[in-house]
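Below is one structure, written out as C-alpha cells, with a few remarks after it.
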Amino acid sequence: MTMQFKNLIGGEAVSASTYSANLNPSNTGDVIGEFAAGTKADVDQAVAAAKAAFPAWSRSTPQERYEVLKKASDEVLARKDELGRILSREEGKTLPEGIGEATRAGQILAFFAGEALRLNGEAVPSIRPGVGIEVTREPVGVIGMITPWNFPIAIPAWKLAPALAYGNTVVIKPADLVPHSAWALVDILQRAGLPKGVLNLVMGRGSVVGQAIIEHRDVAAISFTGSVGTGRAIAAACVAATPMKKVQLEMGGKNPLVVLDDADLKTAVECAANGAYFSTGQRCTASSRLIVTEGIHDRFVAALTERLQGLVVDDALKAGTHIGPVVDAKQLETDENYIAIGRTEGAKLHWGGERLNRENPGFYLQPALFTECTNQMRISREEIFGPVASVIRVKDYEEALAVANDTDFGLSAGICTSSLKYSTHFRRNSEAGMVMVNLPTAGVDYHVPFGGRKGSSYGPREQGAYAREFYTTVKTAYTFAG
Ligand code: NAD
C-alpha cells in the first residue's frame, strides 16, 4: 500500500482533498508515497497557527531553542543513512551524496542550536548626556520558506535552523518533486519539542501554495531558493505587498572554473569532474563553464574525457553509481534541448550527451562535455542545471578572468593554479560570492556565509552567523535615565 503524507499544521497531520504521487527518478515504477497537494486554505491555517505561536516562541529562552535544535540534530545524525536513502530515492543523487546531505542537515541544526545561545546586542554611549543606547536583535515574525528540489533536506535545514534559533515561526513549502525529505525533517523538529504552530509544513505546487504564502498579509518575510525567474517575481511581490515583506533569494549560477597552464592536471580534472557532474550537475554551484588556457587545454580535455568515461551512470541507490539520474522528465528534456542548442551554435559535443537505458526505467543521461565553445553561446550563458559543461579556450589568465566575470550570475567561481600571484588576484577580482582555489566550485562549509552576487542572490547571506541578518531585525532603544 502506498503511504500517504499529510500536511503538518499547528502540530497536527492535516488531511488534504488531493494528493500527488512522488516518483523515484531512478525507477519511475517506484512510487515513494502520496503527498498532500496543499491549497490556499491550508496556507491560511498554517499562517494562523504560526502567528498564534509567535508571541510565546519569540520570548522563549535561548536554552529552550537550543534544546529543540540539538535534539533534532541528534535524531537527524542518528538516522542519516535512512534519511539519505529517502533523499536519494526521491531526488536521484547517489546514496553517498544523499547520506552526506543528511549529515550536513544534522550539522547545521547543531550549529544553530549553539547560535541560539550566542545572540548578543550592543550597549553604546549616546552623543547626548544621560542617554544610553541599546541595540538588540529581535525575531522577524512568521517566515515563509520556499525551497527547490536539488537539496531536499540541506536547504530546508539551513533556512529552518536559524529561523527557529532566533525565535521566528515558520510556514515552509518544499519543492513538489521532493517533499519526503522536508516532511521527515519537519516531523523530527516537531517531535524534538517545538510548541504547536511554531513550524508548519504545507506541500504542493508553487503557483498555489507558494503564491498563497507570498501573498499572505501575516507573513513578515520570505526566504526563497530556486530559479531566477521565480525569485524575481517573488521579490517584486514582496516589495509590492502591504505591509512590505523582507525577502532573501538564492538563485541560479553559471559558475566558472578557470584552469591555468600551471595547474596540477590531476587536481584540475578532479575539480571539473566533481564540480560539473557530481549530483548530476544539478547544483546551483556547478562548474558549467570550464575556462582553460591554451597551454593545458588539450591535455585537460583528454584527461577529463578519460575521467568521464570511468563514471558509472545508474540507479542512485545502487552501490558503485557515480552519477544518478536527472530529477524528472521535464529536466531531462531541458538538458537534451540545451545539448541540441550547443550543437546548433557550433560547439563540439566532445563526449557524452546520450540518453541511457538502465535496468529500471529512469531519467538517465550520459554527462556531456562541449569543447570549442565561446562565452557568448547560450550553453555558456544560461543555467542548464544538468550534467552538461562547456570548455572555453582562452589565451591567458587575464582573458580567463574577463570571461569568468562576463556572466549575469555570480555565485561561485574556481581557479586551478599553482601560482600564488594568480590565485590571489583571482580571489580579489572574481565577481562571485564564493571563490575556490584548487577546489571544486561546489561543496561549501555550513558555518560560513553562503551566497552570490548579480542574478545569483538577493538580500542577506544564508548560513553561518551571517544568517542572523535575515532572521532577526535590529532595534535601537534610547533611554534617558535622568
Ligand atoms: P523553481 O524556481 O522552479 O522552484 C523553486 C520553488 O519555488 C519550488 O518550491 C516551487 O514550487 C516554488 N515556486 C514555483 N513557482 C512559484 C510561484 N509562482 N510562487 C511561489 N513559489 C513558486 O526552482 P527549482 O527548479 O525547484 O530549483 C532549481 C533552481 O534552484 C536552479 O536555478 C538552481 O540554481 C537554484 N538553486 C539555487 C541555490 C542557491 O543557493 N543559490 C541552491 C539550490 C538551487
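Take every pair of alpha-carbon atoms less than 8 Å apart whose residues are at least six positions apart; their mean separation over the length of the chain yields a relative contact order of 18 percent. Protein heavy-atom accessible surface, 1.4 Å probe, per residue over the stretch 280-351: 39 Å².
Enter the per residue convex hull volume of the stretch 256-437, computed from alpha-carbon coordinates, in Å³ rounded to the nearest integer. So the per-residue hull volume is 104 Å³.
Nearest 0.05, what FRET efficiency do GLU333 and VAL437 give at R0 = 35 Å with Cβ-Cβ as r?
FRET efficiency, GLU333 to VAL437: 0.45.
Return the carbon/sulfur percentage of the accessible area of the chain, one whole number, probe 1.4 Å, all protein chains in place. Percent of accessible area from carbon and sulfur atoms in the chain: 53.
Each residue, SER419 and MET244, gets one label point 7 Å from its Cα in the Cβ direction; the gap between the two is 4.5 nm.
According to the Cα-based calculation, Rg over Rh for the chain is 1.00, with Rh computed by the Kirkwood formula. Please tell me which of these pairs span more than 30 angstrom C-alpha to C-alpha: LYS80/LYS421; LYS40/LYS159; LYS70/LYS173; LYS80/LYS196? Table pairs above 30 Å Cα-Cα are LYS80/LYS421. Were the residues from ARG191 through ASP218 laid out at 0.36 nm apart, the gain over their Cα-Cα distance would be 7.2 nm.
Looking at the stretch 248-310, none of the GluC sites (Glu not before Pro) sits in a DSSP loop with at most 10 other Cβ atoms within 10 Å of its own Cβ. Here's the picture: a label point sits 7 Å out from the Cα of ARG358 along the beta-carbon direction, and within the stretch 4-34 the residues with their amide nitrogen under 12 Å of it are 24-28.
Ranking LEU356, GLY414, SER15 by how far each Cα lies toward the positive end of the dipole of the chain (charges on Cβ) leaves SER15 at the top. Residues of the stretch 446-482 with the amide nitrogen closer than 13 Å to a label point 7 Å from the Cα of ASN429, along Cα-to-Cβ, please. The answer is none. Do the sum for the chain: with -39,500 (n - 2.57) for every DSSP H run of n ≥ 4, divided by all residues, what is the mean residue ellipticity at 222 nm, to the nearest 500 deg cm²/dmol? After summing the helix terms and dividing by the residues of the chain, the value is -12000 deg cm²/dmol.
Return the FRET efficiency for the residue pair GLN376, VAL31: r is the Cβ-Cβ distance, R0 is 41 Å, and the value is rounded to the nearest 0.05. Here the calculated transfer efficiency is 0.40. What separates the Cα centres of the stretch 290-321 and the stretch 376-441 is a distance of 18 Å. Of the DSSP H helices in the chain, those that are both long (alpha-carbon extent of 30 Å or more along the helix axis) and hydrophobic (Kyte-Doolittle mean at least -1.0) are 95-118. Note on ASP74/ARG118: beta-carbon distance plugged into 1/(1 + (r/R0)^6) with R0 of 22 Å gives a FRET efficiency of 0.65.
Other residues whose C-beta falls under 12 angstrom from the C-beta of PHE370 contribute a net charge of +3, scoring Lys and Arg +1 and Asp and Glu -1.
One decimal place: the segment SER227-ALA319 gains 30.0 nm when fully extended, by the rule 0.36 nm per residue minus the C-alpha distance.
The values are calculated or read from the model by the stated rules, or taken from the named source; none is laboratory data. These numbers were taken from a predicted model, which means no experiment stands behind them. Positions of Cβ are backbone-derived with ideal geometry, glycine not excepted, and every protein chain shown enters the neighbour counts. With ligands, DNA and RNA removed, areas are computed over all heavy atoms of the protein, side chains included. Shrake-Rupley method; radii C 1.70, N 1.55, O 1.52, S 1.80 Å.
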